[in-house]
Every structure is written in C-alpha cells, then in structure tokens.
1. Beta carbons within 10 angstrom, averaged per residue: use that to sort the peptides 306-312, 114-120, highest first.
2. Where does each of 138-144, 128-134 land if you order them by average Cβ count within 10 Å, highest first?
3. Hey, what angle do you get for helix 289-305 against the long axis of the chain, alpha-carbon based, 0 to 90 degrees rounded to 10?
4. To the nearest 500 deg cm²/dmol, what mean residue ellipticity at 222 nm is calculated for the chain from DSSP H runs of n ≥ 4 alone, each contributing -39,500 (n - 2.57), summed and divided by the residues?
5. In square nanometres and to one decimal, what's the mean projected area of the convex hull around the Cα atoms of segment 318-386?
6. In degrees, nearest 10, range 0 to 90: what is the angle between the Cα axis of helix 152-169 and the longest Cα principal axis of the chain?
7. At a temperature of 37 °C and a viscosity of 0.692 mPa s, determine how fast segment 240-386 diffuses translationally according to Stokes-Einstein, using the Kirkwood radius over alpha-carbon pairs as Rh; express D in µm²/s, rounded to the nearest whole number.
8. Applying a 10 Å radius around every beta-carbon, put 249-257, 237-245 in order of their mean neighbour count, most first.
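Values in this text are rule-based calculations from the coordinates and carry no lab data. Since the structure is predicted, the reported quantities are computational estimates derived from the model, not experimental observations. Heads up, the Cβs are rebuilt from the backbone with ideal geometry, glycines too, and the neighbour counts pull from every protein chain shown.
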C-alpha cells in the first residue's frame, strides 16, 4: 500500500508520508537497512518542508531501527529529538511513542527502573489520548520492567492484560512482546507449563509476522524449557535454529545470552569456557542492558555448575559494575546470590553465610525469583549440588 502511495504521490509531502509508512513496515520485518534508507529520504523532505510532526515520526522510527542494532546513544538521541518535535507539533500520539522509545533506550543502557518510568509515562499519555495501539505496544514492556523491579507477579498480571488488549485490537507485534514478557514472569515463578504456553504463542505470532528477531528469542526461551525438562536434543536443536537466525539477520546482540545457555547446558569444560569467552567478547563491542544481564546470570550459573568459583565471582562483579549507575532488585539479588553460592562452593559454612542465604531466599520469594531459590536452599540444607 505504501509503495502504491509513493508511486501515486503528487508532491514531496505525500512522498515523505509514504517513505515513513514503508520504513515502519520494513522495521517490523527486520529489513533495517531498507528502513534506514527510507527514513533518510523522509527526514530530508520533512526538514525541507518544515513538517514537524512528520520529522518527529521519522526520528522515532529511526530510534526504533537503531534499537535492535545495539546503538544505545543513537537510539537515545533519536527518541529525545522525536519527543521534543512531537511536543512542538502538539502530536500527542508521537509524544507517547517517543516516551516508549526512550524506555527502549534506557532498557538498552541497563537502567531498568528509569525504563519502567518511561514506559509507564508512555502508557499514561497513550491512554489519555485514546491511542490504543501505542498503549498495548508498551504495556508488555512495563510488565518486563516490573520483573526487573522485583514485582514479578505484578508484571505477569500486566503482561496478561496486555496480551488480551493486543489481541483485541489485532496488534500482533505487541501481543508477541507481551507473551515473551509473560514467559519471563512465569519462568521466574517456576510455572513452566504456563511459560511453555506463552513461548509457543510468541513463536507462532513471530513466524506469522515474519519477525526473525522475535522468532529467535522465542526459540531461545523454548530451548531453556527443553533443557530444564531434560530434553537435551530438542534444546540444542532450538539453540541451533536461533544461532542460524542470528547469523542470517546480523542480530549479534542476541548471541551472548544464547552462548551462555549453551555453556550451562554443556557438560564439557572446554565448551563452557569457549562459549563464555565468545559471549564476553561480543558484549565488549555490542552490549545491550537486558542481554548483558541475562548473559551474566547464565554465566554465573554455568560457572557454579562447573565449580568455577572464581568465574562465578567475576561475573557477579561485572554485573554489579554494569548496573552501578542504577542497580535494580534483580541485579542486586543475582549478584549477591552468585557470590553467596560461590562462597559456599569454596567450603564456607559460617553463620553469616547461612544468614545471607536465608535472606536471599526470602527476597527471592518476595520478588518472584523462585527459579533461583533451589540452589540456595540446597546449600542451606547441605544437599550436594547436582
């Protein structure tokens, strides 16, 4: 439709709007280079013709294209410009979208509590203006940020409401995101049957949309469920499919958590060390907050499983350093857990460590991080690690 609109355009203003439409579609299908090319044309036309609302939309879409590429500063810059221009133009819908984009940028920087605030403000502006599709597009991200903030049960409720609302208005991309957030919350709460239901829905929707990034993420989630159920062959099959998608689409930012998952699943020390080293090398050049945190969480798990106490403590230290500007309940919890279990692995059995483990178990239950509790309970009970 937008190609037809471009062909039929009578002037540069109409062409600008057609380029914006084409860029939006290409972003959804992960044709990021094509989207960028259209946005350059749209930006030039909007600037030349002083189309402030269209310029705001162009900057918003540009920020969204930079997000999956891991360009944190670019993403933040584009969404800040979009917000300023939207307010200048009195374009409330684009203002809401730009606030959501700023949430994405803070998410990339690992500042999850600030991201939660931005996403909530986005949803408020969208709800006030009656912009239903913008509202549902961001509610699933509010849900994920609530998990980081130690409100997993609240995050799940938010995700379920978002799934229902997105399905009602036919916003399948938002529905996919909400299913992935619901998966994360149910997994964290150890509701693995519920988590599996959400991951299958996310996988089906991502394939229907042709969104390879979401398909790859869904496969990674499903691989973890297979691993926990002892289905190693199925787990590695899904991991290999995810690796293929990452290579095909140039989605390098997704690779570190997947490499860490392979390290957890592997019984071979050399494979574990190779995967973790490769993941760290990638993070050094292309770090995104969520993936950095997921990598460190899985890396600590891999090191603890392999009795590499130094490695577990090092990953805890790096995770703490990465989140130092804005530590969240999740990062504080997993850093402390990694250190406590490494200390126990070294042979510590003192009252102070036991008290720390008991406190972490209570915190984990309160935050909804139940998946992380059994190892600490076994340490307290004196049960050998599996």
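1. Averaged packing, sorted descending, gives the order 114-120, 306-312.
2. 138-144, 128-134
3. Approximately 20 degrees, to the nearest ten.
4. Value at 222 nm, helices only: -27000 deg cm²/dmol.
5. In nm², the orientation-averaged hull projection of segment 318-386 is 4.8.
6. Value to nearest ten degrees: 30.
7. Rounded to a whole number, D works out at 208 µm²/s.
8. 249-257, 237-245
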